[in-house]
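Just so it is clear, none of the values below were taken in a lab; they were calculated from the coordinates. In this text, all values refer to a predicted model and were calculated from it rather than measured experimentally. Glycine also receives a Cβ, built like all others from the backbone with ideal geometry; neighbour counts cover every protein chain displayed.
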Amino acid sequence: MVEKISKQQAYINAVMAKLPDVKEKKAYKIKKGETLWSVAKRNLNKKKATNNEINNRMLLIAKMNNLKTVEKMNNLKVNQSIYLPSAEVQPAANKNTKKTVVSKVQNNSVQKQAKAVNVRTNAEKSSLDVLNSLKNDKTVKVEKVHIYGDTNCYHVTNSEKTKYGFINQNNMLTSFNTNGNKIDDIYVEDSKKNLNPFGYDYKIDKNGMIKENQYPFKVKGQLSKQENVQLRTELQKAMQKAK
């Protein structure tokens, strides 16, 4: 019998599976009033850390301490001992990566040149793959999640055949935040390779600008106005069905 898990747990499992093993760690005791979120935020030691960065650090700490469910993460006790990263955690370097020379051309110029020869970046292709799935994949499901205090987040999943031949019915397709009744930031994975082991690879802002979802947040593409509207319209339709 296959054990059924929630979409929220599937998301946590997917992110944790990509997190690195931490070798340099230090012991820490939970103080009164602290949560795993507040501990992770302090451990990041970054003044303007985004919610996504704090969330990733929290899941990294959870993985280090075998806190692999929301219940375990939310039930820390005062004076409970846990381990925290004692050094900055960086994604493992790819030894096969070749050095490339990047010309000092403004992003807008690069985008105009790319469009002139009809070349799309991986970030743009990956975003359009999500749009295509939303329009044509009948297995797409949307669920509003209440995770770590964020009440404006939705996860979108679909069914996907794994390399082992099994069907994963909770494959994470994309996630998005809302601002009132409007779609705000949208998060997608690179369809060809895993770039960010801590979470989604790209973030699409309200203007269709696609940036890496990790510091230094480099611009990796731009959806056309029509593509951006279509993507948000399809997410809006799916969101309405989830309510």
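Expressed as a whole percent, the proportion of Cα-Cα pairs in region 1-81 lying more than 17 Å apart is 49%. Taking one quarter of the surface of the C-alpha convex hull of region 107-242 gives a mean projected area of 9.2 nm².
Put in order of Cβ neighbour count within 10 Å, fewest first, the listed residues R232, R57, R120 become R120, R232, R57. For the pairs K29/K77; K32/K77; K138/K237; K138/K220; K18/K41; K182/K237, note any where the Cα-Cα span goes beyond 18 Å. Table pairs above 18 Å Cα-Cα are K138/K220; K18/K41. Averaging Cα coordinates gives a centre for region 8-42 and one for region 158-221; these two points are 21 Å apart. Ordering L44, L231 from the fewest to the most neighbouring beta carbons within 10 Å gives L44, L231.
Computed about its Cα centre, the charge dipole of region 7-85 is approximately 240 debye, with only Lys, Arg, Asp and Glu carrying charge at their Cβ. Counting neighbouring beta carbons within 10 Å and listing from fewest to most, the residues Y215, Y83, Y154, Y164 come out as Y164, Y215, Y83, Y154.
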